[in-house]
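Accompanying notes for the structure given below.
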Amino acid sequence: MTITPVLLAGGSGTRLWPVSRKSFPKQFAPLVGDDSLFQASARRLSGPRYGAPLVMTNADFRFIVAEQLDQIGIAPAAILIEPSGRNTAPAILAAALRAAETDPDAVLLVAPSDHVVPDTEAFGRAVDLGLPAARAGRIVTFGITPTRPETGYGYMEAEGGNGGEGPLVLKRFVEKPDAENAARMIAQGDFLWNAGIFLFAARTMVEAFETHAPEYLGPVQAALTEARMDLGFLRLAPEPWDGLPDRSVDYAVLEKAGNLSVVRYSGHWSDLGGWDAVWHEIQRDEPAERGAVVDGRSTAIDCDNVLLRAQDEGIEVVGIGLRDVMVVATDDAVLVASMDRAQEVRKAVSALKAKGARQAEHFLRDHRPWGWFETLALADRFQVKRIVVNPGAALSLQSHFHRSEHWIVVSGTARVTVDETVTLLTENQSIYVPLGAVHRLENPGKVPMVLIEVQTGVYLGEDDIVRYEDVYSRG
């Protein structure tokens, strides 16, 4: 019997701003290596031990999830769309109930999709250690052997855990400690970092909710029963879901349960919970002189213990005489902070939201199910965009009340509908879309199609759109 991975792919990752934002959070970005964290997680939980993954995400990320899985050749068992974020308790219960529909004894491995675990086989061996306990009705957690007195993680105390792998009896959870208590627990030796990874039989988790958090069962079951398929995604019903308490599975169930075990994992692990963690990760793989971690678009001169990162082409970051500083630049925002204050980056997001800055949550590049676009210039009464449409994809059939558009094809082939006329355009050809015209843009080719769009009008907001047909079922 194979294990069903459950990948949790929600969250906003504010501590890794400006690269991670609400519209495109850290799990979908290639922060270390070529794959995104989500793709690396999906690869790690694939192979002979595992069946097809079940993914829990939200409506905004559903096409990103599907596209990134397709890019690495992994077909999901299902992608469940949560109507709203309610933390991990209802998400994990929904996955357990879904699996129990066909096999109550199905074993699930729940994991966040934004962690770094480079040694796939070592982690697989830890899963193997926990499997008999999970099949015997235990809820198995995975504890990371601490390497420092970290105050940013929760801890777990394992009975007889000083050096043992497990499965060990899990005595208790400990909230994020202060520095003194963290050092004491590290010295004691039987405390592990809580990685938020769980292995259990579907039946076991459902019974745990029945006993310790029964208020979740009815609404989550109703959300599943009333769910509807939408372009291959399973949309959970919003009405029963939206009233659920916002709690983690630890708080709602696990801290009260008596059938918990923990497997110690001593391999490398990181939740990339801040830019200091990214610095440590890159430094671990490629030790840099004087700790000056830079990318190909950054230059460090006489710097010690710094992270210099230029996220976008066309940007060069240069540091001179810096000590214990991180600098992260994107095409529309720059973060400069002391390395020891990495956990406070979320305060920058709050401050930007308070002043109404778009950069708090959104990028210039906006991902869509058909591809993406980015704003190149924006001023009163005009906007210039670069639009990239994936092969075989199409925008909705639509019209605008307040703007007209000029389209110039840069590469690839575009099929353009304007009212009753359909035109095929190739590189360096253009077309005008008058205000109010019903139009559609499609890519009939086998390579991405790139065009420049020039909008003119009194209002240029994305909400000035009337959709008549949409293959992606957007309103």
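The values are calculated or read from the model by the stated rules, or taken from the named source; none is laboratory data. These figures come from a predicted structure and were not determined experimentally. Cβ atoms come from the backbone with ideal geometry, glycine included; neighbour counts cover every protein chain shown. Note: accessible area is taken over every heavy atom of the protein model, side chains too, but ligands, DNA and RNA are not part of it. Shrake-Rupley method; radii C 1.70, N 1.55, O 1.52, S 1.80 Å.
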All conditions in (1) within 16 Å of E121 (Cα to Cα); (2) among the polar types (S, T, N, Q); (3) at pLDDT below 95 are true of S46 except (3)
Review point. Under 20 Å from the mean Cα position of the chain (by Cα), part of a helix (DSSP H, G or I) and at negative phi, is that true of V328?
Key: no
In segment 117-153, residues that are assigned to a helix (DSSP H, G or I) and hydroxyl-bearing (S, T, Y) total 1
Selection from segment 331-383 of residues of a type outside the set (D, E), under 24 Å from N443 (Cα atoms), open to solvent by 40 Å² or more (accessible area, probe 1.4 Å) and outside any loop (DSSP other than H, G, I, E, B) yields R365, H367, R368, W372, L376
On the basis of being crowded, with 18+ Cβ neighbours inside 10 Å and in contact (Cβ under 8 Å) with a residue 60 or more places away in the chain, does G273 make the cut? yes
Checking T151, T141, T120 in turn, the sole residue that is among the β-branched types (V, I, T), in contact (Cβ under 8 Å) with a residue 60 or more places away in the chain, open to solvent by 20 Å² or more (accessible area, probe 1.4 Å) and closer than 30 Å to D285 by Cβ turns out to be T120
For segment 54-92, the count of residues that are open to solvent by 10 Å² or more (accessible area, probe 1.4 Å), out of contact with any strand residue (DSSP E or B) (no Cβ under 8 Å at 6 or more places or on another chain) and under 19 Å from G218 (Cα atoms) equals 2
Picked from segment 26-40 (must be in contact (Cβ under 8 Å) with a residue 40 or more places away in the chain and under 21 Å from L335 (Cα atoms)), the residue surrounded by the fewest Cβ atoms within 10 Å (Cβ to Cβ) is V32
Restrict the check to segment 435-455 and report whether at least one residue is exposed (fewer than 15 other Cβ atoms within 10 Å of the Cβ), of a type outside the set (A, V, I, L, M) and part of a strand (DSSP E or B).
no
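Can you tell which of G314, G267, G296 is outside any helix (DSSP H, G or I) and either buried (at least 18 other Cβ atoms within 10 Å of the Cβ) or modelled with pLDDT of 90 or more (or both)?
Values: G314 fails: either buried (at least 18 other Cβ atoms within 10 Å of the Cβ) or modelled with pLDDT of 90 or more (or both); G296 fails: either buried (at least 18 other Cβ atoms within 10 Å of the Cβ) or modelled with pLDDT of 90 or more (or both).
When all the criteria are applied, what remains is G267.
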Among (1) open to solvent by 60 Å² or more (accessible area, probe 1.4 Å); (2) assigned to a strand (DSSP E or B), N305 falls short only on (1)
Filtering segment 378-417 for residues that are within 33 Å of the chain's Cα centre (by Cα) and hydroxyl-bearing (S, T, Y) leaves a count of 4
